[in-house]
Amino acid sequence: MSVDSATVRRVAKLARIAVNDEDVTAMEAELNVILGFVEQLSEVDVTGVEPMTSVIPMAMKKREDQVTDGEKAEDVVANAPASEDHFFMVPKVVE
Amino acid sequence: MSDLTALTIAEARDKLSKKETSATELTNAYLAAIETANPVINAYVKVTADKARSMAKLSDEKIAKGEAGPLEGIPLGIKDLFATEGVHTQAASHILDGFEPRYESTVTANLFADGAVMLGKLNMDEFAMGSSNETSYYGPVKNPWRKKGSNMDLVPGGSSGGSAASVAAQLCAGATATDTGGSIRQPAALTGTVGIKPTYGRCSRWGIVAFASSLDQAGPIARDVRDAAILLKSMASVDPKDTTSVDREVPDYEAAVGRSVKGLKIGIPKEYRMDGMPAEIETLWQKGIAWLKDAGAEIVDVSLPHTKYALPAYYIVAPAEASSNLARYDGVRYGLRVSGKDIAEMYEKTRAEGFGREVKRRIMIGTYVLSAGYYDAYYLQAQKVRTLIKRDFETVYADGIDALLTPATPSAAFGIGDQDMAADPVKMYLNDVFTVTVNMAGLPGIAVPAGLDDGGLPLGLQLIGRPFDEETLFSLGSVIEKAAGRFTPAKWW
């Protein structure tokens with residue numbers, strides 16, 4: 001399988017990365033090299049093989065249903081590019 | 001001064017306990033070495049001199065009171081991927097511009113609780129994506145090693161290139177690193193240092209910037225096998241904050257160093273003998289086999305039939321997980337923000353400017369293989385192949401093999417700005433061909449320097465162990481180290 005420039009633009013949109021024409025041309029070529037490389041996986045017979053979900057067999061860890069953390073609004077927004085009253089500030093999303 | 005930076009952790013520990021030196025003297029010696037070398041080597045992206053001195057002062061007080069921890073006063077470098085409270089943590093990316101977390105990663109917290117001193121944050125490939133440390137926003141790291149008679153700058157490997165270079169150039173006593181496809185073992189091999197990626201789940205991933213969560217593991221890069229064992233003992237823990245942290249006591253790894261390997265069965269996987277592999281790598285491998293045999297180990301030829309599929313499967317699984325993990329960098333909660341006319345444009349511009357080329361490439365691949373209609377063909381297929389790769393290892397271990405011996409990398413260090421690698425991303429990816437299988441199966445692997453090539457550059461061998469049997473790797477690694485000797489670059493910086 002290979003990608004064309006329209007697919008590259010669609011994927012960039014999904015990934016929320018702005019691309020210009022030059023980026024698209026470069027990415028199309030690079031992605032096709034990588035997709036060409038991974039293509040060989042299709043020759044492996046995986047009939048009856050379960051997909052890997054965990055490399056180390058272990059039971060899901062659970063903890064007591066208790067409040068153990070919180071009251072850290074100041075810490076949470078400390079690194080925000082824009083914040084006010086412990087809220088993250090973003091451009092208007094609703095007209 | 002320089003004598004102090006030449007000490008291994010074990011030697012420094014000994015001198016500190018005998019009061020022949022102090023944590024402050026040791027720390028100042030390293031800070032002086034960094035000041036001279038870092039403008040050239042570029043191993044540190046942030047030197048925390050004041051913090052280091054105050055930590056060292058505290059260590060000296062503890063030593064005086066007889067309350068020294070196992071790493072008391074030992075100056076370490078910390079890969080920029082580890083969250084360090086109030087200190088530069090950017091995964092060497094522009095998108096985390098100015099990020100100083102309000103919390104400490106579990107691994108660094110463990111090290112500091114044991115008395116270690118932080119010298120600063122180490123350069124790396126952006127988000128740990130790379131094998132040459134050239135994708136860093138802070139520019140490439142130079143390998144302290146050069147070819148005989150050449151002044152060409154070489155890469156230290158990656159992604160933990162800063163960790164490996166700083167250990168090799170004696171700019172820290174040891175360093176933290178992480179390994180998703182070979183990022184500890186490959187740079188260790190290229191710089192003549194020792195690097196171990198422990199079993200998945202051995203070190204907590206809490207507070208480590210996530211790349212590919214099912215593959216990421218922290219581990220140390222150190223001057224020798226004993227130092228690696230000392231560091232891993234402190235880094236590893238059982239952590240309720242990481243659900244994949246395994247409930248298993250951390251053994252005394254140092255006790256395994258120098259332990260007899262008599263009677264151990266060492267598998268030599270035939271699939272690691274690759275077409276076009278330099279003769280020097282094959283020779284090195286044969287030497288390693290001979291050394292282990294001399295030490296009483298039994299050598300057995302084995303087969304891991306799905307080896308060649310590990311790298312292509314990795315380049316589906318790792319980008320898929322990365323595309324999901326890196327979705328959080330959106331210009332809202334931390335780091336860089338580039339304004340746009342609306343929120344969607346802000347996201348897109350922030351990510352376009354904040355991520356480097358290799359990171360974007362992997363996010364794109366990951367987004368594509370997870371997108372509607374392609375998931376089964378790519379991601380599901382890759383995860384099934386991963387099961388087969390793991391089964392290969394399980395089969396040989398069930399047959400009584402204790403560990404496997406392979407080359408660590410397909411070549412010695414290459415030049416910064418290598419044209420072949422720059423032109424073809426897959427060529428760069430092939431650096432990890434011997435290491436990536438270990439991540440795919442969640443196993444422990446150690447890279448130990450085993451010799452120099454014709455040009456005088458270090459080459460490493462890799463030992464792969466059973467799950468949670470890092471001890472056997474330290475025992476076997478020390479046999480190779482004893483036979484091969486240690487390798488230190490001649491100072492040119």
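The values are calculated or read from the model by the stated rules, or taken from the named source; none is laboratory data. No experiment lies behind these values; they were computed from the predicted model shown. Note that each Cβ is placed from the backbone with ideal geometry, even for glycine, and that neighbours are counted across all protein chains shown.
Values as computed for the structure displayed
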{"quantity": "Given (1) more than 14 Å from every other protein chain (Cβ to nearest Cβ); (2) surrounded by 24 or more Cβ atoms within 10 Å (Cβ to Cβ); (3) not small (Gly, Ala, Ser), number of the condition B:Thr84 does not satisfy", "calculated": "(1)"}
{"quantity": "Those residues of the range B:312-330 which are more than 8 Å from every other protein chain (Cβ to nearest Cβ), assigned to a helix (DSSP H, G or I) and surrounded by 20 or more Cβ atoms within 10 Å (Cβ to Cβ), in sequence order", "calculated": "B:Tyr314, B:Val317, B:Ala318, B:Pro319, B:Ala320, B:Glu321, B:Ala322, B:Leu326"}
{"quantity": "Matching entry among B:Glu271, B:Glu298, B:Glu280, B:Glu249 (being among the charged types (D, E, K, R) and touching an Asp or Glu at 6+ places or on another chain (Cβ under 6 Å))", "calculated": "B:Glu280"}
{"quantity": "Residue match in the range B:287-308 (condition: at the interface with chain A (Cβ under 7 Å from one of its Cβ atoms) and either surrounded by fewer than 18 Cβ atoms within 10 Å (Cβ to Cβ) or hydrophobic (A, V, I, L, M, F, W, C) (or both))", "calculated": "no"}
{"quantity": "Any hit, the range B:311-330, residues being in contact (Cβ under 8 Å) with a residue 40 or more places away in the chain, in contact with a strand residue (DSSP E or B) (Cβ under 8 Å, 6 or more places away or on another chain) and not aliphatic (A, V, I, L, M)", "calculated": "no"}
{"quantity": "Lone qualifier among B:Arg337, B:Arg333, B:Arg351 - being free of Cβ contacts under 8 Å to residues at least 60 places away in the same chain, in contact with a Gly (Cβ under 9 Å, 6 or more places away or on another chain) and within 8 Å of chain A (Cβ to nearest Cβ)", "calculated": "B:Arg337"}
{"quantity": "Qualifying residue in the range B:375-384 (condition: basic (Lys, Arg) and either more than 7 Å from chain A (Cβ to nearest Cβ) or touching a residue at least 12 places away in the same chain (Cβ under 8 Å) (or both))", "calculated": "no"}
{"quantity": "Hits in the range B:270-305 (condition: assigned to a loop (DSSP other than H, G, I, E, B) and among the polar types (S, T, N, Q))", "calculated": "B:Ser303"}
{"quantity": "Any hit, the range B:116-124, residues being closer than 20 Å to B:Pro410 by Cα and crowded, with 24+ Cβ neighbours inside 10 Å", "calculated": "no"}
{"quantity": "Filter result for the condition that a residue is within 30 Å of B:Leu4 (Cα to Cα) and out of contact with any Pro (no Cβ under 7 Å at 6 or more places or on another chain), over B:Ala212, B:Ala255, B:Ala290, B:Ala236", "calculated": "B:Ala255"}
{"quantity": "Any hit, the range B:214-221, residues being over 14 Å from the mean Cα position of the chain (by Cα), part of a loop (DSSP other than H, G, I, E, B) and either away from chain A (no Cβ under 14 Å) or surrounded by fewer than 24 Cβ atoms within 10 Å (Cβ to Cβ) (or both)", "calculated": "yes"}
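Here's the yes/no breakdown for (1) in contact with a helix residue (DSSP H, G or I) (Cβ under 8 Å, 6 or more places away or on another chain); (2) aliphatic (A, V, I, L, M); (3) modelled with pLDDT of 95 or more; (4) assigned to a helix (DSSP H, G or I):
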residue	(1), (2), (3), (4)
B:Ser166	yes, no, yes, yes
B:Cys172	yes, no, yes, no
B:Thr176	yes, no, yes, no
B:Gly181	yes, no, yes, no
B:Gln186	yes, no, yes, yes
B:Ala189	no, yes, yes, yes
B:Gly195	yes, no, yes, no
B:Thr199	yes, no, yes, no
